[in-house]
Amino acid sequence: MSVYKRPIFQILLKRLRERRRFIQVLAGPRQAGKTVLARQVMENLIIPSHYASADEPTLRHRTWIEQQWDIARLQINPRRGIKDALLVLDEVQKVSDWSALIKRLWDEDSAAKRSLKVVLLGSAPLLIQKGLTESLAGRFEIIPVTHWCYAEMRDAFKWGVDEYVFFGGYPGAAELIGDENRWRRYIMDSLIETTISRDILLLTRVDKPALLRRLFQVACDYSGQVVSYQKMLGQLQDAGNTTTLAHYLDLLAGAGMVVGLPKYSGGRARQRGSSPKLQVMNTALMTAPSGIAFEQARKDRDYWGRVAESAVGAHLVNATRATNIEAFYWREGNKEVDFLVRSGRTTVAIEVKTGYAKEVLPGMYALDKKFRIQRKLIIGGQGIKIEEFLLKPVEEWLR
C-alpha cells in the first residue's frame, strides 16, 4: 500500500509546488489513506517537511499546534537557500479551537512573507468543514479523500470485482481477506468501533449514543432499501424522534459510514422530508458484521444482489462527494429506480440487476414518463457489466 500512489497524490503534489499559498485540507474517513498520501508527498517534495499527529488525547491543546508550527518554521533558512518548508498536521480537528489558532499563525507567515506550506488531515469531515468556514475562509482548499474505488483496489492489490464488491475499499484490511475472521474483527474493532467512539461520540454532542450505534446497525442491515424514519423508530429500542435520527444519519455520513439518499423530485430542492434510501459508503461495513462468508455470499443470489447494489451505490456516493453531482433514488407506489445522478441539466437513471431482466423495468418506464431523463443504464444482467461501471468515473456516464 505504501508503494501505490492514488490519483489524488498528483493533485496534492501539484498544489504544493505552486507558488500561491493555500492550506491544503485532506478530509475523509478513517483508513482511506490520508496519512500514507501525505507521507508520499513529503518524500517527493524537495523541501524540508515535518509531520505530527494530534490523535493522542494528551496532545489536544493549542500550544501543541504552536510547537509543531515553530518546528516547521525553523526549517526555513533563506541564507542557506531553503525558502520553503512543509508542515503536515494529522487529526487536527481534535485540538480545541484549532481553526482560529491556525488562522493567526498562517496570517503571521503571510505578513512575514514566510513560505510555509501546510497540509491538514482530518477523519471527521463535518468538524473539519465547520472549523474551516468559521475561521479560515479564503485560506484553504479541500481535497476530499474517499473510500478506495474498485480501480484503486484492483491496481494496488490485484483484486477482482467480486472481492471488491464483498470486501469493500479499505486498503489496510486488504491483506487480511485470506483469514476472513481476522478481516471481520479488524473491520469491526479497528474501523467501525473506532470511528463511532473517537470520531463521532468523542468529538460531537450525541445525547443518545446507544441510538446512534443502533441506527448504524440498522442502516447496514437495510443498505439498499428505502426505509421511513417512522419504520426506523420501530426498529430501534432507545427511540428518539425523526429529527434526531436525521441528525445522527448526517453524523454517520460525515464520518464516511452510511448515508441516507434523498428521493428524486425533478426540481432543485432536495426532499429531506422523504424516506431516505439507506446506503453504506463501503460494503465492508455491511458484510463484516453480517457473519456471512465470501463464498457463501456469492452463492446466495438475493444477498449477493443486495451487496452488489450497495457496491454501486457506494461508488456513486463516494464519487460525487465535494462535486456538483448529486445522487438520489426514486420511488412512486410500487415502482422504484435504484439510483439517479444529476449534474446540471443532465440526469442519469441507474438500475442494478444481478440476474437477467425478462421484461421492461416498470420503475424506469414510470420515471421516464414523469421526468425528462437523459440516459437510462442497466448495470448487471444483460446490461453494462458491474466491473465496467465501477471502473469508470461517474462523470463519464453524465456526458
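Structure data summary
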| quantity | calculated |
| --- | --- |
| Per-selection Kirkwood Rh - the range 1-87 (Cα, Å, 1 d.p.) | 14.5 |
| Sorted by Cβ density within 10 Å, fewest first, the residues Leu215, Leu233 | Leu233, Leu215 |
| Sequence-distant aspartates and glutamates (8 or more away, or on other chains) whose Cα lies within less than 12 Å of Lys263 | Glu326, Glu332, Glu336, Asp338 |
| Share antiparallel - DSSP beta bridges, the range 8-144, percent rounded to 5 | 5 |
| Overall Cα dimensions of the range 143-246, principal axis frame, Å, largest first | 45, 33, 30 |
| Qualifying trypsin sites (Lys or Arg not before Pro) in the range 277-353, DSSP loop, other Cβ atoms within 10 Å at most 11 | Arg345 |
| Taking Thr244, Thr195, Thr346 and counting other C-beta atoms within 10 Å, the order from fewest to most | Thr346, Thr244, Thr195 |
| Intensity falloff of the chain expressed as log10 I(q)/I(0), Debye formula with alpha-carbon point scatterers, at q = 0.11 Å⁻¹ | -0.85 |
| Inter-centroid distance (Cα atoms) of the range 376-398 relative to the range 27-45, Å | 29 |
| Size descriptor, Kirkwood hydrodynamic radius, that averages inverse alpha-carbon separations across the range 279-399, Å | 15.1 |
| Loop sites in the range 11-104: trypsin sites (Lys or Arg not before Pro), DSSP, at most 12 other Cβ within 10 Å | Arg19, Arg20, Lys83 |
| Residue exposure sequence - Ser275, Ser197, Ser115 - by fewest surrounding Cβ within 10 Å | Ser197, Ser115, Ser275 |
| The chain, helix-only ellipticity at 222 nm - DSSP H runs n ≥ 4, -39,500 (n - 2.57), divided by all residues, nearest 500 | -11500 deg cm²/dmol |
| Listed residue pairs exceeding 26 Å between alpha carbons, taken from Lys208/Lys231; Lys34/Lys117; Lys158/Lys299; Lys231/Lys376; Lys158/Lys277 | Lys231/Lys376; Lys158/Lys277 |
| Using θ = phi - 60° and Karplus 6.51 cos²θ - 1.76 cosθ + 1.60, couplings along the range 5-19 (whole Hz; Gly, Pro as x) | 10, 5, x, 6, 4, 5, 5, 5, 4, 5, 5, 6, 7, 6, 6 |
| Neighbourhood charge, 15 Å Cβ-Cβ cut-off, centred on Arg30 and excluding it, Lys, Arg +1 and Asp, Glu -1 | -3 |
| Length released on extending from Arg80 to Thr323, taking residue separation times 0.36 nm less the Cα-Cα span | 83.2 nm |
| For the chain: relative contact order, % (alpha-carbon pairs under 8 angstrom, 6 or more apart) | 14 |
| Overall form of the range 174-309 per C-alpha gyration tensor (a/c, 1.5; a/b vs b/c) | oblate |
| 5 angstrom amide H check on Ser53, placed H, neighbours 5+ away | Asp90 |
| Computed log₁₀ I(q)/I(0) - Debye formula, equal Cα scatterers, no solvent, the range 8-144, q 0.13 Å⁻¹ | -0.49 |
| 3J(HN,Hα) from dihedral phi, the range 63-74, Karplus parametrisation 6.51/-1.76/1.60, rounded to Hz, x for glycine, proline | 5, 4, 4, 4, 5, 5, 4, 5, 4, 5, 4, 5 |
| Beta bridges by DSSP in the range 150-397, antiparallel share as percent, to the nearest 5 | 70 |
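Every number in this text was worked out from the coordinates using simple rules, so none of it is lab data. Computed from a predicted structure; not experimentally measured. Cβ sites come from the backbone with ideal geometry, for glycine too, and all protein chains shown count toward neighbours.
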